[in-house]
């Protein structure tokens, strides 16, 4: 039973970290253009426009 | 109408694009609607091409929305548009005020709520599952788990539940009870009850139920938002396409290119052959006008100096100068604009299925929980038992699956129609389409191709068509184009001169009107070589091959068809007979079309209007539901509920079928959700619902409803 508190605490903290990451991803526009992101990987590096 | 896409190269930029550029402290941004980009190659080509322009620091194309964002210092917006055109893409600037400021804050807010409630659900289930599955847990430990669950779920539910709280509050202020009222009450009461139970060392809490409720309902809410957002995006795109650019003549006859909206009364505008007349005005020369978009008449009209040209007509003869008599906003018939507005209002009065369900459901739930409260008190139970049971009934009947029942089906249905080439602008348009019992169709450009086609090709002497077509290919006049189309691909004659309102000549050969050629007859176009015998060409509009099948398909589905056209009665009679339509009216003005919609509505008919022209726009807006073919004018596409991607009329039949199936599935979903809840209500009323049962009914009915909706994606 000693470790349980630690485990629960770890679950809560990691959950909050994940949530923070997700909210950051939303805010930085990573879900704005899913169609474009899917095909951008096909663009050759030297041909790509400067970001 | 096909003529729109055939227009000659329009002016590609306005000299003043400043109102399309937003200036911030450290950079300027410019947004362009790009059409035609579809692949990685397009993205690379466009971004590289635009970034190479002087002053441009950043260019990024959003493939989902077709929006190109350009940032930099002192770059020329005209150069960006020209570069895009050189690369082979159509480009129109967005108005800065239109897009950059109107960021979709609502979508981001819903997404944040979804993330918070999703995480809250996962954590709460982990914490409370531990309690459910260990019956021998020490009370103190159980208490600890409950308080942990409270720490997670209370803030998460209150944060993520705000979309519902706001809507319920708005509803209350307007003295109506919408679906969000019982939802908000259930969430708040579940949290309150659980806190009370935890403090009193009870065995059950509903922390997980509250946050799960919010999460599942937000899924439905987000799907609904995505549908509306897609439609809004399309409308914005259309708006950008409407920012028509025109050539204005300055004081010394200098030409400058300006946005059509900047044309003032009295300005002189040059309109080249194939271009659209931007504003109502008086002609300063002779030319031919294609008015099929404005009135529905297919054959072009010869007009002369001093006559009025209406906005939307296409100049099919020589370039002409026009003195504007109205601004762009006033150029559509004022009545038409007013009717458009009235149509949009009457449509907003339509009560969606979900709202109709809410009107029945919300009072029922409140009555039920009041009865439970009263029942327990009458049989002598303590107040706490009675209140607990009443709240449990509220939680268990919460319309979780009802919130998903409609959006889930509509998302699947619109997705399926989108792949079929039908763009649905709103979810309730599908609901309205399912109710239709009468189809009213426009003739020109909808049932027919909307352009003249040569009729007497077989009767011509051999070789004559080819000789005439060689000259005709040099002109963009509708008759000349029809002649060239009938002859097929071939060479263009050199040295053809065009005499406005008369015809084309090359040496001794002449192609033009009867009077000019020196011939007598009814044919609108004649060919004569020197003093040889003149030969006439006859033209008429022809029906689309898919039209009779569409009318027949509608009949088998119990939908009668009717044709309204502004064209002549003899032409209308022939087309109606070929399409298999028995009731039709010819010579109808736009106002009469709209009035017909009003009278059909008053007679209780649910009308589907299909039309493409400017003269159809008001009728499209007033109909119960409306569809515009992909070649329709911008204003018709805006007024219609659905837009076909191409001009394949058979897609309309499929849209009706999908709409009817979607309606059936929605009703089934309501039944599933209500049935599921009904089984749980007696248990809740008797105080026998454990949190486990609550969670199972909620998740179970939501999953069932979603799976049922997915059936529409197949076959």
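Quick look at the numbers
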{"quantity": "Leading residue by the ranking (farthest from the chain's Cα centre (by Cα)) among those in segment B:396-406 that are outside any loop (DSSP other than H, G, I, E, B) and under 11 Å from residue B:697 (Cα atoms)", "calculated": "B:396"}
{"quantity": "Single residue of A:19, A:34, A:12, A:42 found to be within 7 Å of chain B (Cβ to nearest Cβ) and modelled with pLDDT of 90 or more", "calculated": "A:19"}
{"quantity": "Residue count, segment B:701-715 (criterion: modelled with pLDDT under 85 and exposed (fewer than 13 other Cβ atoms within 10 Å of the Cβ))", "calculated": "3"}
{"quantity": "Candidate set from segment B:502-517 (those that are part of a strand (DSSP E or B) and at pLDDT 85 or above); member that is surrounded by the most Cβ atoms within 10 Å (Cβ to Cβ)", "calculated": "B:511"}
{"quantity": "Meets criteria (within 14 Å of another protein chain (Cβ to nearest Cβ) and either under 36 Å from the mean Cα position of the chain (by Cα) or at pLDDT below 90 (or both)) for residue B:184", "calculated": "no"}
{"quantity": "Matching residues, segment B:518-529, being over 47 Å from the mean Cα position of the chain (by Cα) and assigned to a strand (DSSP E or B)", "calculated": "B:528, B:529"}
{"quantity": "Failed condition for residue B:350, given (1) at pLDDT 75 or above; (2) assigned to a loop (DSSP other than H, G, I, E, B)", "calculated": "(1)"}
{"quantity": "Residue list for segment B:269-304, filter: assigned to a strand (DSSP E or B) and more than 35 Å from the chain's Cα centre (by Cα)", "calculated": "B:283, B:287, B:302, B:303"}
{"quantity": "Unique match (being part of a helix (DSSP H, G or I) and touching a strand residue (DSSP E or B) at 6+ places or on another chain (Cβ under 6 Å)) among B:695, B:655, B:673", "calculated": "B:655"}
{"quantity": "Candidate set from segment B:125-161 (those that are within 18 Å of residue B:217 (Cβ to Cβ), modelled with pLDDT of 90 or more and crowded, with 16+ Cβ neighbours inside 10 Å); member that is nearest to the other protein chains (Cβ to nearest Cβ)", "calculated": "B:156"}
{"quantity": "Segment B:417-440: number of residues that are closer than 18 Å to residue B:657 by Cβ and in contact with a helix residue (DSSP H, G or I) (Cβ under 6 Å, 6 or more places away or on another chain)", "calculated": "11"}
{"quantity": "Any hit, segment B:366-387, residues being within 30 Å of residue B:707 (Cα to Cα), surrounded by fewer than 22 Cβ atoms within 10 Å (Cβ to Cβ) and not assigned by TED's automatic domain parsing to the domain that holds residue B:654", "calculated": "yes"}
{"quantity": "Boolean, residue B:626 is surrounded by fewer than 23 Cβ atoms within 10 Å (Cβ to Cβ) and in the same structural domain as residue B:550 (by TED's automatic domain parsing)", "calculated": "no"}
{"quantity": "Among the candidates B:687, B:613, residue that is touching a residue at least 24 places away in the same chain (Cβ under 8 Å), farther than 28 Å from residue B:353 by Cα and in contact with a strand residue (DSSP E or B) (Cβ under 7 Å, 6 or more places away or on another chain)", "calculated": "B:613"}
{"quantity": "Of all residues making up segment B:261-275, the number that are closer than 16 Å to residue B:313 by Cβ and out of contact with any helix residue (DSSP H, G or I) (no Cβ under 7 Å at 6 or more places or on another chain)", "calculated": "7"}
{"quantity": "Filter result (over 22 Å from residue B:541 (Cα atoms) and in a loop (DSSP other than H, G, I, E, B)) within segment B:431-469", "calculated": "B:434, B:435, B:436, B:437, B:461, B:462, B:463"}
{"quantity": "Residues of segment B:87-124 that turn out to be within 11 Å of chain A (Cβ to nearest Cβ), at pLDDT below 85 and touching a helix residue (DSSP H, G or I) at 6+ places or on another chain (Cβ under 9 Å), as a count", "calculated": "3"}
{"quantity": "Where residue B:633 falls short, out of the listed (1) in contact (Cβ under 8 Å) with a residue 60 or more places away in the chain; (2) closer than 21 Å to residue B:415 by Cβ", "calculated": "(2)"}
{"quantity": "Test for residue B:618: is it closer than 25 Å to residue B:416 by Cα, surrounded by 21 or more Cβ atoms within 10 Å (Cβ to Cβ) and either in the same structural domain as residue B:600 (by TED's automatic domain parsing) or at pLDDT 80 or above (or both)", "calculated": "no"}
{"quantity": "From the options B:440, B:422, residue that is surrounded by 21 or more Cβ atoms within 10 Å (Cβ to Cβ), under 15 Å from the mean Cα position of the chain (by Cα) and not assigned by TED's automatic domain parsing to the domain that holds residue B:192", "calculated": "B:422"}
{"quantity": "Residues located in segment B:246-304, provided they are buried (at least 19 other Cβ atoms within 10 Å of the Cβ), free of Cβ contacts under 8 Å to residues at least 24 places away in the same chain and farther than 30 Å from residue B:570 by Cβ", "calculated": "B:248"}
{"quantity": "Qualifying residue in segment B:56-67 (condition: more than 13 Å from chain A (Cβ to nearest Cβ) and surrounded by fewer than 16 Cβ atoms within 10 Å (Cβ to Cβ))", "calculated": "no"}
{"quantity": "Test result for residue B:84, modelled with pLDDT of 85 or more, assigned to a helix (DSSP H, G or I) and within 11 Å of chain A (Cβ to nearest Cβ)", "calculated": "no"}
{"quantity": "Out of B:34, B:50, sole residue that is buried (at least 20 other Cβ atoms within 10 Å of the Cβ), in contact with a strand residue (DSSP E or B) (Cβ under 7 Å, 6 or more places away or on another chain) and more than 18 Å from residue B:74 (Cα to Cα)", "calculated": "B:34"}
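The values are calculated or read from the model by the stated rules, or taken from the named source; none is laboratory data. Just so we're clear, the structure is a prediction, and the values are computed from it rather than from any experiment. Note: ideal-geometry Cβ built from the backbone for every residue, glycine included; neighbour counts use all protein chains shown.
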